[in-house]
Amino acid sequence: MAEDTLAFVFPAFIADYRDDPSGNMPEFRQIFLDYLGVAASVADPALLSFHAVSNPFLEDELRNQYLTYIYGCSCAETLRRSGIIPSVIAGYSMGIYAALYFSGSVSFETGLLFITTAYEAIRASLPNKHYGMCGVIGLSDKDIRELAGRNNLDLMIVNRNNDYSFILAGNSFHINVFLLKAREEGALHARSLGVTIPYHTNLLSEAARELSKTVYTADVRSPKIPVISVLRQDSIGDAERARTEVVKNIFNPFNWLETQQQIFNSGIHIFTECGPSLALKKNSKFIPGTGKFVSWDSLVSDDARFAST
Amino acid sequence: MAKITESTRNEVREIVFAFFAEECEADKSHITDNTNIIKDLDGDSLMFLELIEIFKKKYNLDIELKTIGKYAVKHPVETIGQLIEMQMLIIEHENRILELEK
């Protein structure tokens with residue numbers, strides 16, 4: 001595959017493993033286990049008990065993030081060892097850590113350190129867990145703002161997936177009221193994301209300051225593969241910018257629609273989602289252009305498989 | 001108000017069946033009016049949204065998504081057959097679909 005045609009995108013969380021294509025890929029399995037072992041030794045020993053069916057850690061916010069990171073890195077590494085290298089990378093929300101790792105900007109362990117530090121800093125600054133996030137499909141930006149205003153709901157739109165698909169964050173009571181009102185208003189879909197952290201809001205600015213202490217002392221290098229910022233839709237060109245992006249990412253809204261459009265507009269029309277589900281693929285259908293998503297396992301052709309497997 | 005002909009109905013059926021066969025990687029011949037969109041096809045609201053957009057463009061419909069959403073709250077769609085019936089009403093009544101309640 002020509003290098004200038006492909007983008008890797010990394011998801012933020014894993015919702016389920018129903019579409020996980022990795023079951024028939026021993027090369028992925030070995031890489032995943034290797035990364036899992038490292039993560040267990042430096043971040044959380046309990047990760048060794050992970051099982052996609054019996055113990056997937058879907059409800060555990062921190063371990064879900066670790067697993068999403070491990071899976072994304074494993075998936076991208078599997079592709080790399082098959083000779084498939086993207087020309088750009090983007091990380092959806094907390095997918096930034098895997099994106100920076102794969103770009104060569106941080107080590108695998110440093111990515112884990114950022115995830116852990118961010119989570120602990122957030123928990124320290126917002127200990128009561130009275131926050132949440134939700135997704136709403138079928139209402140416009142204007143509909144959402146008017147609905148929140150009419151009901152005095154203190155919520156932020158933190159991401160636009162397409163013109164009728166948004167992510168909001170804020171106080172959990174306000175989220176729950178919003179979900180009820182959104183359905184009454186005619187949302188085709190409105191549901192909680194099941195998290196207790198209001199990612200991408202200024203409620204996390206204090207945590208971001210704490211995170212920055214780690215980020216600005218860590219070994220961060222210039223990405224070797226361009227990483228597109230979901231905050232500004234430009235390329236994260238050097239180490240300083242990578243550091244800034246990691247810190248700003250947790251308390252600033254992002255725009256996935258514009259990020260994908262930017263990648264499309266740069267001439268890259270094939271995306272692959274480095275995760276077990278198809279959430280980002282589904283969102284991409286509403287983005288104007290000729291791009292398409294292909295499943296990551298389909299990129300690993302039989303003749304490109306490792307000699308060792 | 002658009003007049004629904006047999007031809008329109010057949011066209012809508014064909015589009016809906018083809019859409020879900022492709023989106024859900026299902027054998028079109030296995031999809032029937034009684035096929036449950038979520039349980040049998042693993043469909044979701046983004047697919048529903050995409051299908052609505054297809055029909056809005058094809059029939060140049062004047063209807064807001066939230067109007068369809070409000071209608072769907074009172075008339076939940078679970079099967080392919082129900083979805084086709086709702087789509088026929090949307091094509092016929094557009095934004096006035098909620099007036100059918102009165």
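The values are calculated or read from the model by the stated rules, or taken from the named source; none is laboratory data. Predicted model, so just to flag it, every value in this text is computed and none were measured. Note: ideal-geometry Cβ built from the backbone for every residue, glycine included; neighbour counts use all protein chains shown. We work out accessible area using only protein heavy atoms, side chains counted, and drop any ligands, DNA or RNA first. Shrake-Rupley method; radii C 1.70, N 1.55, O 1.52, S 1.80 Å.
Identify, please: which residue in region B:67-102 is surrounded by 16 or more Cβ atoms within 10 Å (Cβ to Cβ) and touching an Asp or Glu at 6+ places or on another chain (Cβ under 6 Å) and is, among those, modelled with the lowest pLDDT? Among those residues, the one meeting the criterion is B:E94. Here A:L113, A:L6 are screened, and the one residue that is of a type outside the set (G, A, S) and in contact with a Phe, Trp or Tyr (Cβ under 8 Å, 6 or more places away or on another chain) is A:L6. Take B:A18 and decide whether it is away from chain A (no Cβ under 14 Å), open to solvent by 20 Å² or more (accessible area, probe 1.4 Å) and small (G, A, S). Yes: the conditions hold for B:A18. Once region B:49-66 is narrowed to residues that are among the β-branched types (V, I, T) and assigned to a helix (DSSP H, G or I), the residue that is surrounded by the fewest Cβ atoms within 10 Å (Cβ to Cβ) is B:I54. State which residue pairs qualify: first residue away from chain B (no Cβ under 12 Å) and without any contact (Cβ under 8 Å) to a residue 60 or more places away in the chain and inside region A:181-202, second residue assigned to a strand (DSSP E or B) and among the β-branched types (V, I, T) in any location, beta carbons under 7 Å apart, and separation of 6 or more residues or different chains. Close Cβ pairs (under 7 Å, with a partner that is assigned to a strand (DSSP E or B) and among the β-branched types (V, I, T)) amount to A:T201/A:V158.
Looking at this structure, is B:N60 within 14 Å of another protein chain (Cβ to nearest Cβ), over 18 Å from B:F20 (Cβ atoms) and of a type outside the set (A, V, I, L, M, F, W, C)? When the stated conditions are applied, B:N60 does not pass them. Residue-level check: of (1) farther than 22 Å from A:S140 by Cα; (2) out of contact with any helix residue (DSSP H, G or I) (no Cβ under 6 Å at 6 or more places or on another chain); (3) exposed (fewer than 15 other Cβ atoms within 10 Å of the Cβ), B:T8 misses just (3).
Evaluated against (1) touching a strand residue (DSSP E or B) at 6+ places or on another chain (Cβ under 7 Å); (2) more than 19 Å from A:I137 (Cα to Cα); (3) not acidic (D, E), B:K58 falls short on exactly one condition, (1).
Scanning region B:64-101 for residues that are within 12 Å of another protein chain (Cβ to nearest Cβ) and over 13 Å from the mean Cα position of the chain (by Cα) yields B:E64, B:K66, B:T67, B:K70, B:V73, B:K74, B:N95, B:I97, B:L98. Residues being in a loop (DSSP other than H, G, I, E, B), aromatic (F, W, Y) and farther than 22 Å from A:S295 by Cβ are represented in region A:216-232 by at least one member. As a summary of the residue check, A:L204 satisfies the conditions (1) touching a Lys or Arg at 6+ places or on another chain (Cβ under 6 Å); (2) part of a helix (DSSP H, G or I) except for the one numbered (1).
So is A:F102 in the same structural domain as A:A12 (by TED's automatic domain parsing) and in contact with a strand residue (DSSP E or B) (Cβ under 9 Å, 6 or more places away or on another chain) or not?
Spelling it out, A:F102 is indeed in the same structural domain as A:A12 (by TED's automatic domain parsing) and in contact with a strand residue (DSSP E or B) (Cβ under 9 Å, 6 or more places away or on another chain).
Taking helices (runs of 4 or more DSSP H) as the structural unit, those lying wholly within region A:41-150 and holding at least 3 residues that are away from chain B (no Cβ under 14 Å), open to solvent by 10 Å² or more (accessible area, probe 1.4 Å) and of a type in the set (S, T, Y) correspond to A:108-125.
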